[in-house]
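Before any comments, here is the structure.
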Amino acid sequence: MKHIYIILMCFSLFSSCMEHNEIKKTKKNANKNLVKQKNENKEPFNECSLDSIKMLTTDYNGIKFYTENRLRGNGVVELIIKKNVDILNLDKTLFGSIILNNIEEEVYDIKLPKVIVAREIIPDIEHRVFSFDAEQPEMDKEFLIVYINKEKKLISKKANRYKFSSWEVYIKSGFVHLTPNVSKTTKEEQMYYYQALKIKGDSMQIKSISKTSCDYVEEYKNVTKWIKWKDNSCKLITIDFCY
């Protein structure tokens, strides 16, 4: 009888251990699934944040044109539009077009989706800006490879006038405005406009510009400093032009 009690006690202890291990295993798997779910819900690595209001450049005939913080390609292509422009998908089908009008108030009839993301498009008569992130023009014999709505599109090189600028040249041709995403900057420094003096990878040396340099400048204090202006391909600054 004594042996039977011992066997029953051992069996009971073994069952309790097995049950405890199963509970631990279940909790461990649940934690793994929770971590996995959290990771899946995170934004992709290096995905730039987009503020749809602040990134809106213009609204033209029902089309909203946005810029973005992601830098794509090797630089920027600016189209000088003197005649109709066709924009193609990579398979050479038509994506959209920019048609010259004879109407003074509306110079262009733009046939594109209702929302466009590109470096900077301001089609009105005063500006006529059509700038796109782009690959080096030498990458294709016939076409410019530009980025619209975060995808590659094609524009004929032979049929259009254009100017290509590397990212460094493009940024130095405009003015830099700091955002709260730039570390070690004060709120006052975020009110000034700057000229880019040197660019080395993710670092940039900037110098504030006076009110006489551009009509947009409202505040000025002499500031020269190095900043982190981008994180890989995500810019942390805004680039403005004194049109």
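About the Cα centre of the stretch 137-243, what is the dipole size in debye to 20, counting +1 per Lys and Arg Cβ and -1 per Asp and Glu Cβ, all else neutral? Please list the in-between numbers first.
On the way: 20 positive and 13 negative charges, 61 e Å.
Taking the Cα centre of the stretch 137-243 as origin, the dipole is about 300 debye.
For the stretch 83-142, the list of GluC sites (Glu not before Pro) that fall in a loop by DSSP and count at most 15 other C-beta atoms within 10 angstrom reads Glu104, Glu105, Glu106, Glu126, Glu142.
Beyond 20 Å in Cα-Cα separation lie the following of the pairs Lys172/Lys225; Lys64/Lys235; Lys163/Lys230; Lys83/Lys157; Lys150/Lys172: Lys64/Lys235; Lys163/Lys230; Lys150/Lys172. Between the residues Val176, Asn222, Asn232, the greatest Cα displacement towards the positive end of the dipole of the stretch 175-240, with unit charges on the Cβ of Lys, Arg, Asp and Glu, is found for Asn232.
Distances between placed amide hydrogens fall under 5 Å for Val107 paired with Ile125, all partners being 5 or more residues away or on another chain. What does the charge count around Phe95 come to, taking other residues whose C-beta lies under 15 Å from its C-beta (Lys +1, Arg +1, Asp -1, Glu -1)? Summing Lys and Arg as +1 and Asp and Glu as -1 gives +3.
What is the magnitude of the charge dipole of the stretch 56-168 about its Cα centre, with +1 placed on the Cβ of each Lys and Arg, -1 on the Cβ of each Asp and Glu, and no other charges, expressed in debye to the nearest 20?
Numbers: 18 positive and 19 negative charges, 77 e Å.
That gives a dipole near 360 debye.
Work out the charge dipole of the stretch 49-112 with +1 on the Cβ of Lys and Arg and -1 on the Cβ of Asp and Glu about the Cα centre, then indicate which of Asn101, Thr57, Val76 is farthest towards its positive end. With unit charges placed on the Cβ atoms, the residue in question is Val76.
Since every read-out is calculated from the coordinates, none of them should be taken as a lab result. What you see is a predicted model, and the numbers here were worked out from it, not measured in a lab. Please note: Cβ atoms are built from the backbone with ideal geometry, for glycine as well, and neighbour counts cover all protein chains shown.
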